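Engineer: Once you've had a glance at the structure underneath, I'll fire off some questions.
The values are calculated or read from the model by the stated rules, or taken from the named source; none is laboratory data. What you are looking at is a predicted structure, and each value in this text was computed from that prediction instead of being measured. Ideal geometry is used to build each Cβ from the backbone, glycine not excepted, and the neighbour counts take in all protein chains shown.
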Amino acid sequence: MPSRLHASVGYYSDPGKKSANQDFYGFTIPEQGLLRTKGIAAAVADGISSSEYGQEASHACVIGFLEDYFSTPETWSVKKSALQVLTALNNWLYRQGNNKTEEHRGRVTTFSAVVLKSTTAHLFHVGDSRIYRLRDGNLELLTTDHKTWVSQERNYLSRAMGADTHLKIDYRKHALDIGDVFILTTDGIHEYVNPETLTRILLANQKHLDKAAALIVRQALDQDSPDNVTCLLVQVVDLPSQDPDEVIQQLTELPFPPELSEGMILDGYRVIRELHASNRSQLYLATDVDTGLRVVLKTPSVNYEDDPAYIERFTMEEWVGRRIDNPHVVKVYEPTRRRRFLYHVTEYLKGSTLRQWMLDHPQPDLEAVRAVVEQIAKGLQAFHRLEMVHQDLKPENILIDEAGTVKLVDFGSTKVAGIAEIATPVARTHLLGTKNYTAPEYASDQPGSNRSDIYSLGVMTYEMLTWKLPYGEMPDNWKYKNLGGKLRYTPATDYNETIPDWIDAMLKKAVTPKPENRYTELSEFLYDLRHPNQALLYKDYRPLLERHPVAFWRGLSVILGGMVIYLLYLISR
């Protein structure tokens, strides 16, 4: 059985000399599914004593963070998930205490949290609570106190949850080692227990974390700490397996299905016929014998039966599809019966690919192209909202049904931010998609982003309007760096004079080779597709031969013809 992330926790909190405890702490170790995609979370908060509702603030922060973090999409990265939750919590705290005065400071608290995911620790911090790490007997402070000193005796918090609508949260990440101990403390502890004493207590009680936490609290109280005192300890006991044999065994638990033919029944699906086959997969039209629903079975190619990276991508395609619910993304069904083989089930669409649509509409008007592009973009937005990048957009991966609804298919190359954070010994080879539609950064071995998908959408839009490609046919296995950045954009108006200049300008921005110069969001791309963006229009100073070669040669022919006629006239005289 492959090993997984495992941690033990110890904790202790005491109001100390105060009547109420405004400190709060908590942790969550979820079930295996979320343990892999979201990890283990622990947090402490210290309500500000000058805040009338500091206790409410600390409770709300810790409980809200632990509940809402695990409710964010599994596709999101730890950083995005935590910052989204903390930003919302901060705004809520600030609104609740927005009637504060100098004496009544509303709901304000410090906050420090650690999220252990796969083989990485993610730290989030605001205020003067602290996070330490004990590794190999060495104690290291991983956070910085947000304090401003006005004198040797007086200081105030320069940052805290609920103090302002604009909050900067410190974020750091660290690689994990088995045996690491993360120590989360409030200032009632670390201002009265020095690092040497903290280290000594921890080393003497590593197998008894609750006892260690209690001893640390007792030490602070013995040193006359006047504040609430809280200590939360999280120790890494085991990390996810990095043994390739174990991971491959897990990936190959389900065997590849046999070759399917008409009439065969696979796990309750009766095969009607083969729809498509390639060297990577097969698609079959089938009927669910229980419900009568027509579906598509996607099965892996036996060519890759011993390729763990391929199997991981094939499995991930189903995982991605089941997390997107959008009318412009093909639906992937959750299994209702036990599967004996590796495959996944999607909705069946009567229709054709965008490639076929282009063949059937060789000269579409601008509005028809907009109707298709806007639907593709809506499907893509569903990916981008979940921090996913499709990475293989092309006309063959766009389906249009008989009602004209456009849907994205084939998620085998999709990059998922949350999954990319999970360590694996399986080589995640970077798929470049299809050469004429893949963004140049992939060909330069750079990571893709939502702007990479915008590039691909821009190329398809250009092609629908012109039947050409903005940079012509790309060579096989092309490398952008080998071209020396010499990609020359050909204006769409060179091929289709009916295209407005402002449409050509937005297309050029969408497919510019450098991602930082493209549209940042699909919404910007869609807006400029319907509204002239004057900022993108500029005078083209290229020679006429380069800008409009047909017009150049046509004009030159007219001039030469006129000269011939004039010469003939002179000869006849």
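Engineer: If you go through the range 378-394 one residue at a time, how many are touching a strand residue (DSSP E or B) at 6+ places or on another chain (Cβ under 6 Å) and within 20 Å of Gly351 (Cα to Cα)? Show your work before the answer.
Structural biologist: Of the residues in the range 378-394, the ones touching a strand residue (DSSP E or B) at 6+ places or on another chain (Cβ under 6 Å) are 379, 382, 388-389, 391.
Filter once more, keeping what is within 20 Å of Gly351 (Cα to Cα): 379.
Total satisfying the criteria: 1.
Engineer: Against the definition (of a type in the set (D, E, K, R) and within 21 Å of Gly127 (Cβ to Cβ)), how does Glu31 come out, yes or no?
Structural biologist: Working: of a type in the set (D, E, K, R): yes; within 21 Å of Gly127 (Cβ to Cβ): no.
No: the conditions fail for Glu31.
Engineer: Looking at (1) under 28 Å from Trp502 (Cα atoms); (2) assigned by TED's automatic domain parsing to the domain that holds Arg280, can you tell me which one Val372 breaks?
Structural biologist: Only one criterion in (1) under 28 Å from Trp502 (Cα atoms); (2) assigned by TED's automatic domain parsing to the domain that holds Arg280 is unmet by Val372, namely (2).
Engineer: Right, something else. From (1) part of a loop (DSSP other than H, G, I, E, B); (2) under 18 Å from Leu283 (Cβ atoms), pick out the condition that doesn't hold for Lys407.
Structural biologist: Just one mismatch for Lys407, condition (1).
Engineer: Restricting attention to the range 200-219, does a residue exist that is out of contact with any Gly (no Cβ under 6 Å at 6 or more places or on another chain), in a loop (DSSP other than H, G, I, E, B) and among the aliphatic types (A, V, I, L, M)?
Structural biologist: No, that holds for no residue.
Engineer: For Ile63, are the conditions met, namely being free of Cβ contacts under 8 Å to residues at least 40 places away in the same chain and in contact with a strand residue (DSSP E or B) (Cβ under 7 Å, 6 or more places away or on another chain)?
Structural biologist: Details: free of Cβ contacts under 8 Å to residues at least 40 places away in the same chain: yes; in contact with a strand residue (DSSP E or B) (Cβ under 7 Å, 6 or more places away or on another chain): yes.
In short, yes.
Engineer: Which one of Glu396, Glu367, Glu374 is without any contact (Cβ under 8 Å) to a residue 60 or more places away in the chain, surrounded by 15 or more Cβ atoms within 10 Å (Cβ to Cβ) and outside any strand (DSSP E or B)? It would help to see each step written out before you state the result.
Structural biologist: Details: Glu367 fails: surrounded by 15 or more Cβ atoms within 10 Å (Cβ to Cβ); Glu374 fails: without any contact (Cβ under 8 Å) to a residue 60 or more places away in the chain.
After ruling out the rest, the residue left standing is Glu396.
Engineer: Follow-up question, since we're still on this one. If Tyr489 satisfies all but one of (1) over 26 Å from the mean Cα position of the chain (by Cα); (2) surrounded by fewer than 16 Cβ atoms within 10 Å (Cβ to Cβ); (3) in a helix (DSSP H, G or I), what's the number of the condition it fails?
Structural biologist: Every condition holds for Tyr489 apart from (3).
Engineer: Only one residue in Ile63, Ile29, Ile40 is surrounded by fewer than 18 Cβ atoms within 10 Å (Cβ to Cβ), under 34 Å from the mean Cα position of the chain (by Cα), within 26 Å of Leu202 (Cβ to Cβ) and at pLDDT 95 or above, so which one is that? Lay out the reasoning, then the answer.
Structural biologist: Working: Ile63 fails: within 26 Å of Leu202 (Cβ to Cβ); Ile40 fails: surrounded by fewer than 18 Cβ atoms within 10 Å (Cβ to Cβ).
After applying the criteria, what remains is Ile29.
Engineer: Can I ask one more? So Leu354 ticks every box in (1) surrounded by 15 or more Cβ atoms within 10 Å (Cβ to Cβ); (2) touching a Phe, Trp or Tyr at 6+ places or on another chain (Cβ under 9 Å) but one. Which box is left unticked?
Structural biologist: Leu354 satisfies all of (1) surrounded by 15 or more Cβ atoms within 10 Å (Cβ to Cβ); (2) touching a Phe, Trp or Tyr at 6+ places or on another chain (Cβ under 9 Å) except (2).
Engineer: Same structure again: So how many residues does the range 148-178 have that are surrounded by 14 or more Cβ atoms within 10 Å (Cβ to Cβ), over 28 Å from the mean Cα position of the chain (by Cα) and farther than 20 Å from Ser58 by Cα?
Structural biologist: The qualifying residues number 0.
Engineer: Hey, among Pro308, Pro300, which residue is surrounded by fewer than 20 Cβ atoms within 10 Å (Cβ to Cβ), touching a helix residue (DSSP H, G or I) at 6+ places or on another chain (Cβ under 8 Å), within 28 Å of Pro255 (Cβ to Cβ) and not aromatic (Phe, Trp, Tyr)? Before the answer, list the steps.
Structural biologist: On the way: Pro300 fails: surrounded by fewer than 20 Cβ atoms within 10 Å (Cβ to Cβ).
Checking each option against the conditions leaves just Pro308.
Engineer: Being closer than 18 Å to Arg338 by Cα and surrounded by fewer than 20 Cβ atoms within 10 Å (Cβ to Cβ) is the filter here; which residues of the range 260-291 pass it?
Structural biologist: Within the range 260-291, the first condition is being closer than 18 Å to Arg338 by Cα, and the residues that meet it are 264-271, 286-291.
Of everything in the range 260-291, those that are closer than 18 Å to Arg338 by Cα and surrounded by fewer than 20 Cβ atoms within 10 Å (Cβ to Cβ) turn out to be Met264, Ile265, Leu266, Asp267, Gly268, Arg270, Val271, Thr287, Asp288, Val289, Asp290, Thr291.
Engineer: Find the residue count for the range 193-205, including only residues that are in contact (Cβ under 8 Å) with a residue 12 or more places away in the chain and exposed (fewer than 15 other Cβ atoms within 10 Å of the Cβ). Reasoning before the result, please.
Structural biologist: Our first condition is that a residue be in contact (Cβ under 8 Å) with a residue 12 or more places away in the chain; within the range 193-205, this holds for 193, 195, 197-199, 201-203.
Checking which are exposed (fewer than 15 other Cβ atoms within 10 Å of the Cβ) leaves us with 195, 203.
Here the count works out to 2.
Engineer: Restricting attention to strands (runs of 3 or more DSSP E) lying wholly within the range 1-79, give those where 3 or more residues are among the aromatic types (Phe, Trp, Tyr) and farther than 30 Å from Ala382 by Cβ. Walk me through how you get there before you give the answer.
Structural biologist: On the way: elements: 6-14, 23-28, 40-46.
Fully inside the range 1-79 and qualifying: 23-28.
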